[in-house]
Amino acid sequence: MKNFTDARVVRLTTFGGPEVMELQEVQLPPPAAGEAQLRQTVIGFNYIDVYQRSGKYPLPLPTGLGHEAVGVVEKLGDGPQDLVIGDRVVYMNAGVGAYASHRNVDATKLVKLPSSVSDEDAAAVFFKAMTAQYLLRRTYRVEAGDIVLVHAAAGGVGQILCRWARGLGATVIGTAGSSEKCEIARSAGCEAAIDYSQPDWVDQVIASIGGRKARVVYDSVAKHTFMGSLDCAAPFGLVVLFGAASGPAPEIQPELLNKKGCLFLTRPSVFPHNADASVMRANAAEVFAAMDRGFVRASVAARLSLDEVSAVHRMAEARSTAGSIVMRP
Ligand SMILES: NC(=O)c1ccc[n+]([C@@H]2O[C@H](COP(=O)([O-])OP(=O)(O)OC[C@H]3O[C@@H](n4cnc5c(N)ncnc54)[C@H](OP(=O)(O)O)[C@@H]3O)[C@@H](O)[C@H]2O)c1
């Protein structure tokens with residue numbers, strides 16, 4: 001078809017295991033008014049992609065998958081004034097469909113990449129660092145001297161949270177699922193890292209901070225960790241539940257927060273924090289500044305191609321990676 005672009009996209013017609021993702025060849029129409037067409041260079045994997053593929057976070061079917069990619073603007077619809085053909089851009093908040101070779105994206109969702117940031121580094125960290133940004137700067141403003149507990153500290157978001165919180169002057173304690181991953185958490189800035197597969201991990205966390213507790217607990221593991229998170233939080237502390245890698249957190253009565261020390265509990269998401277284009281760009285500028293200062297570093301655990309998307313999801317679910325997974329279209 002005239003002016004259409006040959007593209008390869010991952011489609012989902014049913015929820016299920018990694019095998020339900022299909023790579024299809026499609027004809028992509030020209031960008032509509034307000035859109036830019038990207039030739040994507042690197043696609044980022046995020047754990048939320050697993051929840052959406054499996055149906056844990058259901059999407060209307062059929063659907064694309066993936067939230068994050070880097071690309072070059074190849075075509076522009078009518079409207080966008082601040083982009084030109086050839087711009088290198090990144091996005092994390094344009095709806096699902098990033099698992100693709102080419103994509104039309106609402107131009108207000110695109111952020112221009114500084115020349116200091118490579119395509120691969122951006123795809124490896126942008127979504128995860130934008131998550132760390134709102135968690136460390138907006139959900140709670142971490143300050144020097146705070147004690148911060150980060151679960152799954154060797155993971156993609158986990159490593160960024162630890163290094164950035166340490167850069168802000170906090171004392172960071174991490175947890176992870178093996179001694180090897182605890183070592184990675186320590187090298188990402190944790191003063192102590194505890195293997196939370198051990199039954200007494202809560203006591204070990206508290207002992208590692210000399211009997212004190214955390215001002216803020218960042219918990220993306222949920223089922224396995226949530227009750228322990230309440231026990232690791234200091235009086236008037238904040239528990240931030242922002243994922244459910246091990247399954248949903250148990251339901252609790254609000255009164256329990258009183259008994260555990262007048263705790264605060266929140267369950268936030270990166271998308272509403274970046275729904276406004278100007279706020280999103282300000283948050284992104286903070287991420288790039290944190291990259292320049294070394295508070296955010298890309299840690300690429302695996303590079304695969306879009307043809308291997310099922311293998312990417314298997315690796316993530318097997319917990320066999322520490323850091324980010326990226327795909328080439
Ligand atoms: N709410 C938000 O705004 C938001 C935004 C982005 C990400 N997230 C959440 O943040 C978390 C981290 O995301 P990520 O992409 O950087 O992933 P990741 O941390 O690289 O991977 C998830 C990690 O969770 C741990 N885990 C614990 N129990 C698990 C289980 N039963 N199955 C699988 N993993 C388990 C594993 O680390 P160990 O082997 O060390 O246990 C695993 O490596 C995810 O839960 C994600 O959904 C939330």
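The values are calculated or read from the model by the stated rules, or taken from the named source; none is laboratory data. Keep in mind that this is a model prediction, so the values were computed, not measured. For neighbour counting, all protein chains shown are included, and Cβ atoms are generated from backbone atoms with ideal geometry for every residue, glycine included. Side chains are part of the model used for accessible areas, which takes the heavy atoms of the whole protein and leaves out ligands, DNA and RNA. Shrake-Rupley method; radii C 1.70, N 1.55, O 1.52, S 1.80 Å.
Over 23 Å between Cα atoms, which of Lys128/Lys260; Lys128/Lys181; Lys181/Lys259; Lys75/Lys128; Lys213/Lys260; Lys223/Lys259 qualify? Listed pairs above 23 Å: Lys128/Lys260; Lys181/Lys259; Lys75/Lys128.
Taking every C-alpha pair closer than 8 Å and separated by at least 6 residues, the mean separation divided by the residue count of the stretch 170-329 gives a relative contact order of 13 percent.
The relative contact order of the chain, computed from alpha carbon pairs under 8 Å that lie at least 6 residues apart in sequence, is 17 percent. The order of the peptides 68-81, 43-56 by mean Cβ neighbours within 10 Å, most packed first, is 43-56, 68-81. Pair-distance distribution P(r) for the chain, from all Cα-Cα distances in 20 Å bins starting at 0: 32, 56, 12, 0 percent. Using a Gaussian network model of the chain with C-alpha springs under 10 Å, which one of Ile194, Ile252, Ile85 is most mobile by mean-square fluctuation? With Cα springs under 10 Å in the chain, the top fluctuation among Ile194, Ile252, Ile85 is at Ile252.
The stretch 32-190 has equivalent-ellipsoid semi-axes of 32, 19, 13 Å, by the square roots of 5 times the alpha carbon gyration tensor eigenvalues, sorted largest first. For the options Ala214, Ala234, Ala144, a Gaussian network treatment of the chain with springs between C-alpha atoms closer than 10 Å singles out Ala144 as fluctuating the most. Atom-type composition of the exposed protein surface of the chain places 52 percent of the accessible area on carbon and sulfur (1.4 angstrom probe). How many angstrom lie between the C-alpha centres of the stretch 228-278 and the stretch 1-62? That distance is 31 Å. Cβ-Cβ distance of Asp200 and Lys2, R₀ of 56 Å, FRET efficiency by 1/(1 + (r/R0)^6): the value works out to about 0.25.
Each residue of the stretch 13-84 gets 120 Å³ once the volume of the Cα convex hull is shared out per residue. For Ala69, the amide hydrogen comes within under 5 Å of the amide hydrogens of Gly44, Tyr91, counting only partners 5 or more places away or on other chains and with H modelled in the peptide plane.
The calculated Kirkwood hydrodynamic radius for the stretch 144-267 is 13.9 Å, given to one decimal from all distinct C-alpha pairs. The residues packed around Gly71, meaning those with a beta-carbon under 15 Å from its beta-carbon, carry a net charge of 0 if Lys and Arg are +1 and Asp and Glu are -1. Tell me, what HN-Hα J-couplings in whole Hz come from the Karplus equation 6.51 cos²θ - 1.76 cosθ + 1.60 at θ = phi - 60° for each residue of the stretch 242-259, using x for Gly and Pro? Along the stretch 242-259, the couplings run 10, x, 8, 4, 9, x, x, 5, x, 6, 10, 7, x, 4, 4, 5, 5, 4 Hz.
Ordered from largest to smallest accessible area (heavy atoms of protein chains, 1.4 Å probe), the residues Met1, Met291, Met227 come out as Met1, Met227, Met291. Amide H contacts of Ala234 (H built 1.01 Å from N, in plane; Pro and chain starts excluded): Ala214, Arg215 sit under 5 Å, all sequence-distant by 5 or more or on other chains.
For the stretch 144-267, what does the accessible surface come to per residue with a 1.4 Å probe? Please give it in Å². Per residue, the stretch 144-267 has 41 Å² of solvent-accessible surface. Helical runs assigned H by DSSP (4 residues or longer) give the chain a calculated mean residue ellipticity at 222 nm of -8000 deg cm²/dmol, each run adding -39500 (n - 2.57) before division by the residue total. Would you work out if the stretch 197-241 is rounded, prolate or oblate? Take a ≥ b ≥ c from the square roots of the eigenvalues of the alpha-carbon gyration tensor; rounded if a/c is under 1.5, else prolate when a/b is larger than b/c, oblate otherwise. Cα axes put the stretch 197-241 in the oblate bin.
Comparing Val221, Val279, Val157 in a Gaussian network model of the chain, where Cα atoms under 10 Å apart are tied by springs, the biggest mean-square fluctuation is seen for Val279.
Annotation: Cα Rg of the stretch 180-329 relative to the compact-globule expectation 2.2 N^0.38 Å equals 1.21.
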